[in-house]
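These notes are about the structure you will find just below.
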Amino acid sequence: MVGLARPQIVLFVSSIVQLSYSNGGWGAIHTDIYACRADVLLRGYFRWNSRRALEVLDQVFPKDAAVQPSLVIVYFGGNDSTGLGPHVPLPEYIENMRKMARYLQSLSDSTRIIFLSSPPVNEEKLRKRSSGIFSKLLRTNELCQQYSESCIKVGQETGVKVIDLFTAFQRRDDWMNTCFTGGIHLSTKGSKIVEEEILTVSKNTEWKPCLHWKSTPTEFAEDSSYDFVAADGKATLNPSEWTSHREFQWD
């Protein structure tokens, strides 16, 4: 643990987080946006479901930790909805998400939570990418929608903010062909949708303190004699808040 503790943002998800530094992923985008403001920690595990997550929840988020996260972003449901292997029946999934919400809420009075509901998938791409190595992947948008709607209801019951990714993706006319790399995992465009939704919740939710990136103080942002020198050769230019390196300017 290094000094000067910043707010912690933990991404606790399945492979949607494990792969979120690939292909311009939303984990990498989020980390860049919060650079010098918060520590973004990835806890993503391929093929995990809500049952597996619940089994180790106290190890990932120990209640006696010296520092508790300011924000936990949770996504489970996609693998839960998949037939065979990682499948978790819907009633159990609902109860698992309830337990997860209550546990995370108990970490501290200042720990905030966002659930991400299951996004849709490109079923045609999934069928084309099927392999003889694995059993048939039973993942449909009908099931994704059921698990997404159930996640939203759990959020309403427990007071957890939920981002409806199933709906958010389908607001884009070309979502099916542009949001995925192989039918499930996210392309750069898909990741941008996730990040836009997260930032909207962070900005519009009345959390104290506000966890939107523009409201989170930048570390060591004070003027310094080591700043860039302006064209007049006298004034200095403080680059602490500059975002010109980004191709897309986030709100």
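The values are calculated or read from the model by the stated rules, or taken from the named source; none is laboratory data. Model, not experiment: these values are computed from the prediction. Backbone-built Cβ (ideal geometry, glycine too); neighbour counts: all protein chains shown. For the accessible areas, the whole protein counts, side chains as well, though only heavy atoms, and no ligand, DNA or RNA atoms are used. Shrake-Rupley method; radii C 1.70, N 1.55, O 1.52, S 1.80 Å.
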For residue 223 and residue 84, extending 7 Å from Cα along the Cα-Cβ vector and measuring point to point gives, in nm, a value of 6.7 nm
Taking a straight Cα-to-Cα line shorter than 21 Å from residue 153, and setting aside same-chain lysines fewer than 8 residues away, one finds 99, 161
Treating only Lys and Arg (+1) and Asp and Glu (-1) as charged, each at its beta carbon, one finds that the range 8-237 has a dipole about its Cα centre, in Debye to the nearest 20, of 720 debye
Taking every other residue with Cβ under 15 Å from the Cβ of residue 156 and scoring Lys and Arg +1, Asp and Glu -1, one gets +1
Other residues with Cβ under 11 Å from the Cβ of residue 178 give, with Lys and Arg +1 and Asp and Glu -1, a net charge of +1
Computed about the Cα centre, the charge dipole of the range 159-251 from +1 Lys/Arg and -1 Asp/Glu charges at the Cβ has a magnitude in debye, to the nearest 20, of 320 debye
GNM on the chain, Cα springs under 10 Å; top mean-square fluctuation among 170, 59, 105 goes to 59
Taking Cα pairs closer than 8 Å and at least 6 residues apart, the relative contact order of the range 1-129 in percent is 26 percent
quick note, the chain, DSSP beta bridge pairs, % antiparallel (nearest 5) is 20 percent
Taking a crude spin-label model, label points 7 Å out from Cα along the C-beta direction, the residue 207 to residue 244 distance in nm is 3.1 nm
Rounded to one decimal in nm, the spacing of the 7 Å Cα→Cβ label points at residue 60 and residue 32 is 2.5 nm
Other residues with Cβ under 14 Å from the Cβ of residue 239 give, with Lys and Arg +1 and Asp and Glu -1, a net charge of -4
In the range 8-237, taking the dipole from +1 charges on Lys and Arg beta carbons and -1 charges on Asp and Glu beta carbons about the Cα centre, the listed residue (200, 115, 14) farthest towards the positive end is 14
With a 1.4 angstrom probe the carbon and sulfur portion of accessible area for the range 16-122, in percent, totals 51 percent
In degrees rounded to 10, the 0-90 angle between helix 141-158 Cα long axis and the longest Cα principal axis of the chain is 60 degrees
Taking a probe of 1.4 Å and leaving out DNA, RNA and ligands, the range 8-237 shows per residue an accessible area in Å² of 49 Å²
Highest GNM mean-square fluctuation among 122, 141, 177, for the chain with Cα springs under 10 Å, belongs to 177
